[in-house]
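Chemist: I'd like to ask you about the structure that follows.
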Amino acid sequence: MATPEKSDVVLEARQSGLQGLGVFSRREFQAGDVIALIEGKFFDEPSPEIRARSIQVGHGLFFQASDACFFLNHACDPSARLVVSDDTAYLEARKDVHVGDEITFNYCATELSMLVPFVCNCARCRHSSNRKLISGYHHLSQPEKRSLADDALPYLKEAPGMAENGAETLQPLEVADVRP
């Protein structure tokens, strides 16, 4: 793999139609291209404040971006996937990306169970009468997990509480208080 460019060269943070600020491409990428190296810091078992603003990348391991990628938004059909290798995190294009496109990733492909679940506002869900609650990989159906097979970080497929046949053995998340 060629050395990825730093995110500030190829990405910019600005207002998003999805949620607050988002991350947008300054150049073209083809599916499979490495978009950018994400600058940041890894944390073992971080405080709830850091965990709420970081990306889970392993059992008890979280990554907090310190560049524009801090503002990456969720999408159910994202433009990128997060890849973690040793002490490096980077974005890889899932599909062709054009100048000005918002770069998104599926939070369920990294988070076992979201600290703060939310109702999805991505393009696929925004106009649906049955918007999805994004609460993490553990809370997905088996077909949804299969659809994330290429994007889900490896630790998710080996998550504690998952039986060998993929059946869930953890208790479901209480979500009554998180829906608007």
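What follows is calculated from the coordinates using simple rules that are stated; it is not laboratory data. As the structure is a prediction and not an experimental result, all values here were calculated from the model. Cβ: placed from backbone, ideal geometry, glycine included. Neighbour counts: every protein chain shown.
Chemist: Would you please give the residues with an amide H less than 5 Å from that of L61, counting only those at least 5 places away or on a separate chain, with H modeled from the backbone geometry?
Modeler: E45
Chemist: How long are the three semi-axes of the equivalent ellipsoid for segment 7-157, computed from the Cα gyration tensor as the root of 5 times each eigenvalue, in whole Å, largest first?
Modeler: 21, 19, 15
Chemist: Still on this structure: I'd like the FRET efficiency for H98 and E39, computed as 1/(1 + (r/R0)^6) with the beta carbon distance as r and R0 of 30 Å, rounded to 0.05.
Modeler: 0.80
Chemist: Amide H neighbours of I35 under 5 Å, at least 5 residues apart or on other chains, H built in the peptide plane: list them.
Modeler: L91, E92, A93
Chemist: Where nothing but the Cβ of Lys and Arg (+1) and of Asp and Glu (-1) is charged, how large is the charge dipole of segment 7-157 around its Cα centre, in debye to the nearest 20?
Modeler: Charge dipole, segment 7-157, about its Cα centre: 660 debye, nearest 20.
Chemist: Based on the Cβ-Cβ distance from A149 to Q30, what FRET efficiency comes out when R0 is 25 Å, to the nearest 0.05?
Modeler: FRET efficiency, A149 to Q30: 0.70.
Chemist: R0 = 25 Å: FRET efficiency of D86 with S47, Cβ-based, nearest 0.05?
Modeler: 0.55
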